[in-house]
Amino acid sequence: MGHQETVYDALTAAHGDEARWAFGTGFDDPLAGVDATVPDAVDPADLGAYCLMLGDDALVLGQRLTEWITRAPELEEEVALANIALDLLGQARLLLSRAGSAGVLGRSRERAGPGVPDEDALAYFRDPDEFRCSALVTAPDGDFAHVVVRLLVAATWRLALAARLRTSRDPVLAAVAAKAVPELTYHRDHAARWVLRLGDGTAESHRRARTAADAVWPLTADLFTATPVERRLADAGVGIDPAELRDEVRGVLTQVLTRATLAVPAWPADAPPRGRAGEHGPELTVLLDRLQDVARAHPGATW
Amino acid sequence: MSGRTLRRSAGDTGPAVEPRTVAETVVDPELPVLTLADLGVLRDVRREHDGTVVVELTPTYSGCPAMGVMRADLLHALHDAGFDRVDVRTVLSPAWSTDWITDEGRRKLAQAGIAPPGAAPQRLPGPVPLDLGPSRRAAACPLCGSPDTEEVSEFGATACTALRRCRECREPFEHVKEI
């Protein structure tokens, strides 16, 4: 205990000033001082649209995970899900700021009003049809098995993408990806160990994990279909054609399910990426109502 | 307006203290036993020709909520030391690694009951291999020194720590996980 007291003593001693705890909406620009130049021969609108897709995936999945705080099977798991959500929120902030600096703000800018940073305008003042996240992350959760199976699929896809984006010709995207890789490795492996524990656990946990895999697998249909933006950016050495991720993602997921004694559901046929075009189910509206409620009721508020 | 040229003595060019020395004393808001220098997030402190102090800061994790506080604390500390123009810039690349925590920082962590990180995993290009086994990380108990400890959770109270328990003295403790 003596050692613990040292930590907290230092905390109160060093943190006498009130400004330190002023968290709320008043966050700094996460890209403050980062050179926002867009690489040669790249349309800033494309780069911004791409950052929105990847930022929205992270923002919405992070929000879904925070819905499990106070509901996870154990306290440690709530902390884990909150940590994973925080990493994703951080990735979302960087990417939404990058989208904003590339000028892709749409009508969110005028709705948010002056004084609201780009990342907040994009997160809080876009309507559901302006979000570019995939169906995988917008789908509502069922039980905890569904949470970890979906997280496994989402983290596997995102890690495979981030590992490739480390060599993007856009230095900001490359740096964001390089930071995300070790984080996503923790997320993916954490989810994979849960799938193992549930799949190779009791008859009931196995049944739930199998039901979750059956529900999540169809949501992978559009994950490997490139939008025109992704194709152009892949050609320019800035983005990745998601078709390139298919073998790696399927290989990792097959490996985990097999080890978990779970049958690998049939892979769905490729489908057009409706989420990337702003076509979402009503569940995204419900999620965004919760996410945006306070910011829209009190635009520009800080606390 | 007197019209005469304002002459400055040699000692009048700014505070006598080096801005790096000031910046290095600012502590991490979440692990206040460490300075930003101990943590390895202070990438550069320099004075530009116009006298502006440029501080380059790198986040630990993408979502580290301490970043804004670190930036504000650096600005305050440097302003208080007499540096009027301070520019704190975010540097994302290369990404922070726990390998950048100094030996002094590791010593302070252990002294505060937090196990310091081991060597970070190598960063290789290409696909990241799956790790399905139990965590292979090892950390000696910072309280009793026993190497016989187990991981309770890979995710602890802050983004950069894992939760462990000592099998010898039975106490739980935090471990700065390798990244």
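If you check A:Leu173, A:Leu223 for being more than 14 Å from every other protein chain (Cβ to nearest Cβ) and either modelled with pLDDT under 95 or surrounded by 23 or more Cβ atoms within 10 Å (Cβ to Cβ) (or both), only one passes: A:Leu223.
Looking only at segment B:127-139, count every residue that is more than 14 Å from chain A (Cβ to nearest Cβ) and modelled with pLDDT of 90 or more and tell me the total. So the answer is 1.
Rundown of residues vs (1) within 13 Å of chain B (Cβ to nearest Cβ); (2) at pLDDT below 95; (3) within 15 Å of A:Arg126 (Cβ to Cβ), yes/no style:
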{"site": "A:Met53", "(1), (2), (3)": "no, no, yes"}
{"site": "A:Leu59", "(1), (2), (3)": "yes, no, yes"}
{"site": "A:Ile69", "(1), (2), (3)": "yes, yes, no"}
{"site": "A:Ala85", "(1), (2), (3)": "yes, no, no"}
{"site": "A:Leu96", "(1), (2), (3)": "yes, no, yes"}
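With respect to B:His49, determine if the residue is assigned to a helix (DSSP H, G or I), farther than 30 Å from B:Pro142 by Cα and more than 9 Å from every other protein chain (Cβ to nearest Cβ). Answer is no for this residue. Scanning segment B:54-68 for residues that are out of contact with any Leu (no Cβ under 9 Å at 6 or more places or on another chain) and farther than 19 Å from A:Asn83 by Cα returns a single hit, B:Val54. When the residues of segment B:52-67 are filtered to those that are surrounded by fewer than 19 Cβ atoms within 10 Å (Cβ to Cβ) and over 19 Å from A:Ala180 (Cβ atoms), the one that is farthest from the other protein chains (Cβ to nearest Cβ) is B:Thr52. Taking the conditions (1) surrounded by fewer than 20 Cβ atoms within 10 Å (Cβ to Cβ); (2) over 16 Å from the mean Cα position of the chain (by Cα); (3) at the interface with another protein chain (Cβ under 10 Å from one of its Cβ atoms); (4) within 18 Å of A:Glu183 (Cα to Cα) in turn, B:Gln111 satisfies each one other than (4).
Contact map, segment B:25-44: first residue in contact (Cβ under 8 Å) with a residue 24 or more places away in the chain, second residue of a type in the set (Lys, Arg), Cβ cut-off under 8 Å, separation 6 or more or different chains; pairs are B:Pro29/A:Arg20; B:Val33/B:Lys108; B:Leu34/B:Lys108; B:Asp38/B:Lys108. Does A:Leu233 qualify as being touching a Phe, Trp or Tyr at 6+ places or on another chain (Cβ under 6 Å) and surrounded by 13 or more Cβ atoms within 10 Å (Cβ to Cβ)? Against the criterion (touching a Phe, Trp or Tyr at 6+ places or on another chain (Cβ under 6 Å) and surrounded by 13 or more Cβ atoms within 10 Å (Cβ to Cβ)), A:Leu233 qualifies.
For segment A:256-303, filtering for residues that are surrounded by 15 or more Cβ atoms within 10 Å (Cβ to Cβ), within 30 Å of A:Arg207 (Cβ to Cβ) and under 19 Å from the mean Cα position of the chain (by Cα) leaves 5.
Within segment A:176-198, the set of residues being facing chain B (nearest Cβ under 7 Å) and of a type in the set (D, E, K, R) comprises A:Lys179, A:Glu183, A:Asp189, A:Arg193. When A:Ala82, A:Ala92, A:Ala102, A:Ala72 are checked against the criterion of being of a type in the set (A, V, I, L, M, F, W, C), within 26 Å of A:Gly142 (Cβ to Cβ) and over 15 Å from the mean Cα position of the chain (by Cα), a single residue qualifies: A:Ala72. So which of A:Gly106, A:Gly142 ends up being outside any helix (DSSP H, G or I) and either under 30 Å from A:Glu204 (Cα atoms) or in contact with a strand residue (DSSP E or B) (Cβ under 9 Å, 6 or more places away or on another chain) (or both)? One residue alone meets the criteria, A:Gly142. Working only within segment B:129-164, note down all residues that are part of a strand (DSSP E or B) and either surrounded by 16 or more Cβ atoms within 10 Å (Cβ to Cβ) or of a type in the set (A, V, I, L, M) (or both). Within segment B:129-164, B:Thr149, B:Glu151, B:Val152, B:Ser153, B:Thr161, B:Ala162, B:Leu163, B:Arg164 qualify. Taking segment A:60-70 as the range and being in a loop (DSSP other than H, G, I, E, B) and in contact (Cβ under 8 Å) with a residue 40 or more places away in the chain as the test, the residues that pass are A:Glu67, A:Trp68.
The values are calculated or read from the model by the stated rules, or taken from the named source; none is laboratory data. Here the structure is a predicted model, which is why all the values come from computation and not from measurement. Virtual Cβ from ideal backbone geometry, glycine too; neighbours counted across all protein chains shown.
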